[in-house]
Amino acid sequence: MEPDHRDHRCHRPKAFDKMEALVREMKNTESGGVPVRSQKIFLTSIPAAFMGYDLIEWLIMRLEIEESEALNIANQLCQYGYFFPISDSKNLVVKDDSSLYRFQSPFYWPWQNKPPDNVDYAIYLTKRTLRNKQRHGLEEYEVEALAILRKNLSNKWDIITAQAEEQVKLSKAMKKPDKLISDSQEKAYWRVHRPPPGIFSSLEQVPVPTRSWKGIKPRKKTIEDCKREVELLRTSLYRTRIKVSQALENLVQHVETYTEFDPLLVPPHPSNPWVNEDVTYWQLTASFFMLRYVCRVDVPTEKRVRKWGLSMEDLLCDPTGVQEFTNYLQKEKSEENILFWLAVNDLRRSSQSQVLWKIQEIYENFVKHGAPREVNIDNQTMDKVLEGMKNNSRYCFDAAQEHVYNLLLKKDCYPRFIRSDYYKNLLANGIQPLQKKRFFGFGPTKKKASTSAQPNQGGSAQQAVTVPCAGALSKRRGSDRSLSGSAHEISHFGVSVGAHSSIVKEPKVPHSHSQSNLSDIPYRGDLDLNKSSGITDTSPVKKPPSIAPGASTSEEVCPWETPSSPPKTPLTNRKNSAHLDSESSSSDVSVGVSELAEKLQRSLLTQQHTLDCGKNLHVDTYETPRRASVSVPITHSSGSGSMEGARRKVSSFEDNSSATISAASSVFVIPSDKDNKADASAKTLKKSHSIAKASSVTSQTPIISVSSATDDADEDQQQQESEIAMADAADVSVVGDDQPSSIELSTAGTAGLSQSEPVSPLAGPSKGEAKAPLAEPDSESPASEMPPSEIAAEEEHGKAQGKEETKKRKSETGEGDEAKSNDVCPWEDEESCKVDTPFVKTYATLGYL
Amino acid sequence: MDADSKATSSETVESLQKEAEVLKKRLEEERQKLNDISLEAVAERLDCVSCPNIKPRRTLKGHQAKVLCSDWSPDKKHIVSSSQDGKMIIWDAHTTNKEHALTMPTTWVMACAYAPSGNFVACGGLDNKVTVYPLVLDEEISQRKKTVGTHTSYMSCCLFPNSDQQILTGSGDSTCALWDVESGQLLQNFHGHSADVMSIDLAPSETGNTFVSGSVDKMVLIWDMRSGQCVQSFEGHESDVNSVKFHPSGDAVATGGDDATCRLFDLRADKEIAVYSKDSIIFGANSVDFSHSGRLLFAGYNDYTVNVWDTLKCVRVWLLYGHENRVSCLQVSPDGTALSTGSWDCTLRVWA
């Protein structure tokens, strides 16, 4: 205990100080320690012992705790060897009864001296062999240990035996009770430090240098360290702080506001899935967590919608919230702000290899003067952005982003959103899970389904699309957000999920096109090419789920799948359906679906990811796909331009379930598409693409583009513009990767018809079948649409967004002088969770200046 | 460089340290000026937190050695856990099934993390590396692993900062680092701690530009991920800081330390605002996490227990028994419905 002992160790856990202090108090019998006396058992007298319940009693009184906690502490102390049971040498357990314990001598406390070495242990064991066999005989493990030690320490063995003999001689001279005590203490010591096999020692340390027994000296501070520290201290000295009272008030307020949203404090409705196995809650709150922003369209619960109203941060941290917000802003023609914000967020965390073209893309789309979705930024911020762009910094748009966030989104768009009828409708339509669980989704869904009849298909398709990507299609969706997915669709969805984005048809459904493995996982991108052709004819058979990672789930799905699917329901595939439409199908179905959906989502993610990184970790990269990706955006633009036209067409297509299906397929495709622009896992793209085409009776990219052009005469110009813009974007991306093929594509895109060429090989077969050119736009357009808006939202591939050339910047409100200040303090957004406390907010900002 | 520093004679380690001391003192004075009330006083008007009836709901058995780290999947059901013997297991916690089991070529895998997409996990430990595994069923996952970054000492913690493309790590070499997953490139290095970094946590903002780190040097530092600069520092712990966690509001940071205390530091008030400790708690806290509202703070301790603190009233409201060895890791599920704990007793448990 002299400090010198410990000098060589820098890491002595604080707990030992506290334990020692406590044990000292215990041992202090004069002033209220644990009563220690000689105890008698039968005729033998056991010196210096105390009883278990005395100890527990003492701890309860001393620490003012419950018995259970006292017992726990007592056991800890026992395991560390501060006292030990007299009668039971096997287990270091304290019982709250009259069993006897004895304090360990401080000499044997842990962390007092160097940890015992093997020589000590050998001496101890040898000593015991020299003594009375009956009382000091070795345990089996000790015999083994001794044999090993003898071998390893053979050079020192003479000394060891000599030492042991010496000690035995000494102990013989001791009085009997003393001998008893010291023997038991020594034994207990080794019980702690060399525990029997299979028994854990609480003295075990994490084997890292600074935490191990010996420890190491802390690294010496270099002059750089010191400079850094002083610098930090200097700046902190002049930091503006808020009063503690205010900080605390905010904290309390935050907690009070959110308590009702805390499932561990207020049991969630209908129930906590961990408590009673009912996963309805997860279905209700599900959302796709793709890269944090991808959403799926569904009817959120009322509570969830209410939470969006708490603060902008709450809205933005919920993917569905982001989507609804985007939808709303799109209606208002002011979505460029949120899209820009999302795009910058994505850029910030993109792969290094993608930073370059993403910067260009954002610049072209949002920042450049006259950009299709130009955001309103003041000059100073603009200068900063341009400065940052020179270094190709992934953070170059941060200043602009903060400006947009604080002045436009937060002060203008968000309050408008919350006050809007749109939000009120969401709130009114929100699910109240208190209703009977089984039918929770029923009411709203049903209504929607009925209303949506024709247009729904289009809408549904869109929605489906939306799932993987963020919701761009606000317009359509916003108006009729039909939740109804027929069970059939659901099953579809589920299956496809299981099969990894391959659309599998159920045999029962007449129209279904099954795409077998098409969607195999991105990792094995090889399969698809051939498949694409084969896909065209719909094979009713589902894909063996085993292929996909989701295999297990798929199995589950299958059984119910069939029964549940009502034949020929107007197929709206919606992701929502997966989670929400439990209506038609039983809840279990929905469960399965949700699982599937999740799998699907995962798989999508994987795809995305794969695509995202030019060099996928695991996947071989295929470099071809440029065209595919390019084509997508283009299509999209056309599609978006002609959205309404597309819709109409869609309606005509009603009976064709295939159309819907295609939409669904396109859904899957989309995510990949967007991502791939930049990179290359071509196969997946093609695959997906082809799939989409195949499934949609008519859909071929070329057709699509054509149709859009023809149909939307009025919008032609816009489209062209947008296309051009897209082409630009494509070019940019090309620059990043310099692939000739891609360039071609991009140029082609400019022409407007371009995509068809690259795609065509795949599409070829399907093309012939194309019944209605109209159909494709429907199927395809939603999909294509999605990528732009959604992508932008989430992925920030703003490229495709040609359609909104006439940008309305609604919020031209304050341009920010404050913007600069904002960017100075990176903390800002995080700091303020509450919209309604602007004062605090600003204060905080200042604080960080 | 050397010549420069000598030329300005004041720039020696000693003088700088002296200056730092003075500055610290002044800083403390500044902070005290605004210290007008205690958290307990503010929270007096609040009702006691209604004692949640938290019970063990699942026990995940399968590890053969100490569980050292775990992380929830964003899907709210899966958990990845890593253990002392180099095994990493992906669990479906709801069904308690094991979905993957990976063996790392190292022991003491002290950190593991799920990517936000749920498609990757990262892990590392005594091998000083952070390795990313894709989660796919079809092939041998281990062959798809990718080593993203390497430290000069063990890796103690890692996380994906809102993206599958980057990994943030903390290490025994006293630095944190931000890596590009695809290229393995070091994007940013964070120097400032003078001893092993034990824990990091990302700020809960959408932009996620800041994170907090806790270290054996007893310091808690807040970092700007963009500049690599430390922007704020907190002292208070008397021993190693084992765990750090942002309050859901983003305005405060909770820490758990070897001194058997948990503490709450407010970023805007720039000071410690609460200490959660008790005479009867004598062992260090290894891991802390908040319930979704921030009202409850869960802390896993070396005495095998999980203590649940009322963060506002600063009292312990609950004590969770169950584990038979140190609680090494602990995390509230992404949707706040459950708490997972991992322990040296080789099991994980889910509480709700």
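The values are calculated or read from the model by the stated rules, or taken from the named source; none is laboratory data. Computed from a predicted model, the values in this text were never measured in an experiment. Every residue, glycine among them, receives a Cβ derived from its backbone with ideal geometry; neighbour counts consider all protein chains shown. Heavy atoms of the whole protein, side chains included, go into the accessibility calculation; ligands, DNA and RNA do not. Shrake-Rupley method; radii C 1.70, N 1.55, O 1.52, S 1.80 Å.
Per this entry, B:Trp108 is counted among residues that are over 19 Å from A:Trp282 (Cβ atoms), of a type in the set (A, V, I, L, M, F, W, C) and either touching a residue at least 40 places away in the same chain (Cβ under 8 Å) or surrounded by fewer than 24 Cβ atoms within 10 Å (Cβ to Cβ) (or both). Residues in the range B:182-215 that are open to solvent by less than 20 Å² (accessible area, probe 1.4 Å) and within 7 Å of chain A (Cβ to nearest Cβ): B:Glu182, B:Ala195, B:Asp196, B:Ala203, B:Ser205, B:Glu206, B:Thr207, B:Asn209, B:Thr210.
For the condition open to solvent by 10 Å² or more (accessible area, probe 1.4 Å) and among the hydrophobic types (A, V, I, L, M, F, W, C), what is the one hit in A:Leu71, A:Leu55? Being open to solvent by 10 Å² or more (accessible area, probe 1.4 Å) and among the hydrophobic types (A, V, I, L, M, F, W, C) holds for just one of A:Leu71, A:Leu55, which is A:Leu71. I'm trying to understand the selection: among the residues of the range B:110-128, which are more than 10 Å from chain A (Cβ to nearest Cβ) and under 13 Å from B:Gly172 (Cα atoms)? Answer for the range B:110-128, where residues must be more than 10 Å from chain A (Cβ to nearest Cβ) and under 13 Å from B:Gly172 (Cα atoms): B:Ala111, B:Gly124, B:Asp127, B:Asn128. Taken together, the residues in the range B:207-219 that are closer than 24 Å to A:Glu402 by Cβ and in a loop (DSSP other than H, G, I, E, B) amount to 3.
Please find, within the range B:307-323, the residue that is surrounded by the most Cβ atoms within 10 Å (Cβ to Cβ) out of those that are facing chain A (nearest Cβ under 8 Å) and part of a loop (DSSP other than H, G, I, E, B). Walk me through it before giving the result.
Of the residues in the range B:307-323, the ones facing chain A (nearest Cβ under 8 Å) are B:311-312, B:319, B:321.
Of the ones still in play, those that are also part of a loop (DSSP other than H, G, I, E, B) are B:311-312, B:321.
On the way: B:Thr311: 28, B:Leu312: 25, B:Tyr321: 13.
Restricting to residues being facing chain A (nearest Cβ under 8 Å) and part of a loop (DSSP other than H, G, I, E, B), the top hit is B:Thr311.
Criterion first (under 18 Å from B:Ser81 (Cβ atoms), out of contact with any Lys or Arg (no Cβ under 7 Å at 6 or more places or on another chain) and open to solvent by 10 Å² or more (accessible area, probe 1.4 Å)) does B:Asn97 satisfy it? If you could, list the steps in order and put the result at the bottom.
Details: under 18 Å from B:Ser81 (Cβ atoms): yes; out of contact with any Lys or Arg (no Cβ under 7 Å at 6 or more places or on another chain): yes; open to solvent by 10 Å² or more (accessible area, probe 1.4 Å): yes.
Against the criterion (under 18 Å from B:Ser81 (Cβ atoms), out of contact with any Lys or Arg (no Cβ under 7 Å at 6 or more places or on another chain) and open to solvent by 10 Å² or more (accessible area, probe 1.4 Å)), B:Asn97 qualifies.
The sole residue among A:Ile86, A:Ile41, A:Ile56 that is β-branched (Val, Ile, Thr) and within 14 Å of chain B (Cβ to nearest Cβ) is A:Ile56. Look at (1) farther than 21 Å from B:Arg316 by Cβ; (2) in contact with a helix residue (DSSP H, G or I) (Cβ under 8 Å, 6 or more places away or on another chain) and you find that B:Ala260 fails only one, number (1). Scanning the range A:74-93 for residues that are within 42 Å of the chain's Cα centre (by Cα), of a type in the set (A, V, I, L, M, F, W, C) and open to solvent by less than 10 Å² (accessible area, probe 1.4 Å) yields a count of 3. Taking the numbered list (1) open to solvent by 10 Å² or more (accessible area, probe 1.4 Å); (2) in contact with a Pro (Cβ under 9 Å, 6 or more places away or on another chain); (3) facing chain A (nearest Cβ under 10 Å) in turn, B:Arg326 passes all entries but (2).
Does B:Ala101 qualify as being within 24 Å of B:Gln185 (Cβ to Cβ), in a strand (DSSP E or B) and either touching a strand residue (DSSP E or B) at 6+ places or on another chain (Cβ under 9 Å) or more than 9 Å from chain A (Cβ to nearest Cβ) (or both)? Outline the logic, then answer.
Details: within 24 Å of B:Gln185 (Cβ to Cβ): no; in a strand (DSSP E or B): yes; either touching a strand residue (DSSP E or B) at 6+ places or on another chain (Cβ under 9 Å) or more than 9 Å from chain A (Cβ to nearest Cβ) (or both): yes.
Answer is no for this residue.
Of the residues making up the range B:41-64, one or more are within 10 Å of chain A (Cβ to nearest Cβ) and in contact with a Cys (Cβ under 8 Å, 6 or more places away or on another chain).
Looking at the range A:381-389, can you tell me whether even one residue there is acidic (Asp, Glu), over 30 Å from A:Ser271 (Cβ atoms) and in a helix (DSSP H, G or I)? The answer is yes, given that some residue of the range A:381-389 is acidic (Asp, Glu), over 30 Å from A:Ser271 (Cβ atoms) and in a helix (DSSP H, G or I).
Would you check which residues across the range B:127-154 are over 24 Å from the mean Cα position of the chain (by Cα), among the charged types (D, E, K, R) and farther than 23 Å from A:Ser351 by Cα and list them? Within the range B:127-154, B:Asp138, B:Glu139, B:Glu140 meet the criteria. When residues in the range B:129-158 are screened for being more than 7 Å from every other protein chain (Cβ to nearest Cβ), touching a His at 6+ places or on another chain (Cβ under 9 Å) and open to solvent by 40 Å² or more (accessible area, probe 1.4 Å), 4 of them pass.
Within the range B:216-227, which residues are over 20 Å from B:Gly257 (Cα atoms) and open to solvent by 10 Å² or more (accessible area, probe 1.4 Å)? Those that are over 20 Å from B:Gly257 (Cα atoms) and open to solvent by 10 Å² or more (accessible area, probe 1.4 Å): B:Asp224, B:Arg226, B:Ser227. Within the range A:331-354, the presence of at least one residue that is of a type outside the set (Asp, Glu), in contact with a strand residue (DSSP E or B) (Cβ under 6 Å, 6 or more places away or on another chain), within 14 Å of chain B (Cβ to nearest Cβ) and open to solvent by 10 Å² or more (accessible area, probe 1.4 Å) is confirmed. Take the conditions (1) over 22 Å from A:Ala15 (Cα atoms); (2) modelled with pLDDT under 90; A:Lys151 misses just one of them, which is (2). Within the range A:13-52, the residues that satisfy the criterion of being among the β-branched types (Val, Ile, Thr) and surrounded by 15 or more Cβ atoms within 10 Å (Cβ to Cβ) are A:Val23, A:Val34, A:Val36, A:Ile46.
Is there a residue in the range B:35-54 that is charged (D, E, K, R), modelled with pLDDT of 90 or more and open to solvent by 10 Å² or more (accessible area, probe 1.4 Å)? Reasoning before the result, please.
Step one: filter the range B:35-54 for residues charged (D, E, K, R), giving B:36, B:40, B:44-45, B:47.
From what is left, the residues that are modelled with pLDDT of 90 or more are none.
Within the range B:35-54 (the criterion being charged (D, E, K, R), modelled with pLDDT of 90 or more and open to solvent by 10 Å² or more (accessible area, probe 1.4 Å)), the answer is no, since none of the residues qualifies.
Restricting attention to the range A:391-410, does a residue exist that is assigned to a helix (DSSP H, G or I) and open to solvent by 30 Å² or more (accessible area, probe 1.4 Å)? Within the range A:391-410 (the criterion being assigned to a helix (DSSP H, G or I) and open to solvent by 30 Å² or more (accessible area, probe 1.4 Å)), the answer is no, since none of the residues qualifies. Check whether at least one residue in the range A:244-266 is more than 30 Å from A:Gln432 (Cβ to Cβ) and either more than 7 Å from every other protein chain (Cβ to nearest Cβ) or open to solvent by 50 Å² or more (accessible area, probe 1.4 Å) (or both), and report yes or no. Scanning the range A:244-266, I find at least one residue that is more than 30 Å from A:Gln432 (Cβ to Cβ) and either more than 7 Å from every other protein chain (Cβ to nearest Cβ) or open to solvent by 50 Å² or more (accessible area, probe 1.4 Å) (or both), so the answer is yes.
Being more than 45 Å from the chain's Cα centre (by Cα) and surrounded by fewer than 18 Cβ atoms within 10 Å (Cβ to Cβ) is the requirement here; does A:Glu140 meet it?
On the way: more than 45 Å from the chain's Cα centre (by Cα): yes; surrounded by fewer than 18 Cβ atoms within 10 Å (Cβ to Cβ): yes.
The answer is yes for A:Glu140.
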